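Notes follow the structure.
The values are calculated or read from the model by the stated rules, or taken from the named source; none is laboratory data. What you see is a predicted model; the values in this text were computed from it and never measured. Here the Cβ positions follow ideal geometry from the backbone for every residue, glycine too, while neighbour counts run over all protein chains shown. Side chains are part of the model used for accessible areas, which takes the heavy atoms of the whole protein and leaves out ligands, DNA and RNA. Shrake-Rupley method; radii C 1.70, N 1.55, O 1.52, S 1.80 Å.
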Amino acid sequence: MADTSLELTELNTKQYIVVQIGSEKYGIDIGYIDNIVRMQKITRVPKAQSYFNGVINLRGEVVAVMSIRKKMGLEEDVFTDKSRIIILKLEDRGLIGIIVDAVNEVITLSDDQIEAPAAGPKKGKDSFINGIGKKGDTLVSLFEINAIVDEKEEK
């Protein structure tokens, strides 16, 4: 009988990769993640949105890479030996890479450890967050992946 109770608990939890962008920690649902790769040469693509850094060659496949910092209106990316490109696998778009300052850890959050963003959904930067995860004393903003990779026209 212990197996069934374990299964019920797992239904209410999700795993997130905790990444660092500036001094903030953000969580990305592990279900979206295809791969995490070290920084590499990114080839610029003319006339792309400013938050698209360009494309990389990932095992023979061309993958667009975007800057979350630029998309959220933060300062320019500063690449270090901890910088990573997280390859997201999206059903309707295929693969897309996002640049983060560092990958910290994998955490498991249950429904009762996630709260709605205090400010509520807004246009702009806050719409990229769909919840706040609480793990011990640490708060992790949980990314709404579809809002981040949405290609809205820039004004």
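Can you give me the ranges of the strands (runs of 3 or more DSSP E) entirely in region 94-144 with at least 1 residues that are more than 30 Å from Val55 (Cα to Cα) and modelled with pLDDT of 90 or more? Outline the logic, then answer.
On the way: elements: 94-100, 102-110, 129-135, 138-143.
Passing ranges, in order: 102-110, 129-135, 138-143.
Residue by residue, here is whether (1) among the hydroxyl-bearing types (Ser, Thr, Tyr); (2) open to solvent by 50 Å² or more (accessible area, probe 1.4 Å); (3) at pLDDT 95 or above holds:
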position	(1), (2), (3)
Lys14	no, yes, no
Ile36	no, yes, yes
Ser50	yes, yes, no
Asn53	no, no, no
Test Asp81 against the criterion of being open to solvent by 40 Å² or more (accessible area, probe 1.4 Å) and free of Cβ contacts under 8 Å to residues at least 24 places away in the same chain, and give yes or no.
-> yes
Flag for Ser67 being among the hydroxyl-bearing types (Ser, Thr, Tyr) and buried (at least 18 other Cβ atoms within 10 Å of the Cβ) | yes
Would you point out which residue out of Leu88, Leu74 is assigned to a strand (DSSP E or B) and of a type outside the set (S, T, N, Q)?
-> Leu88
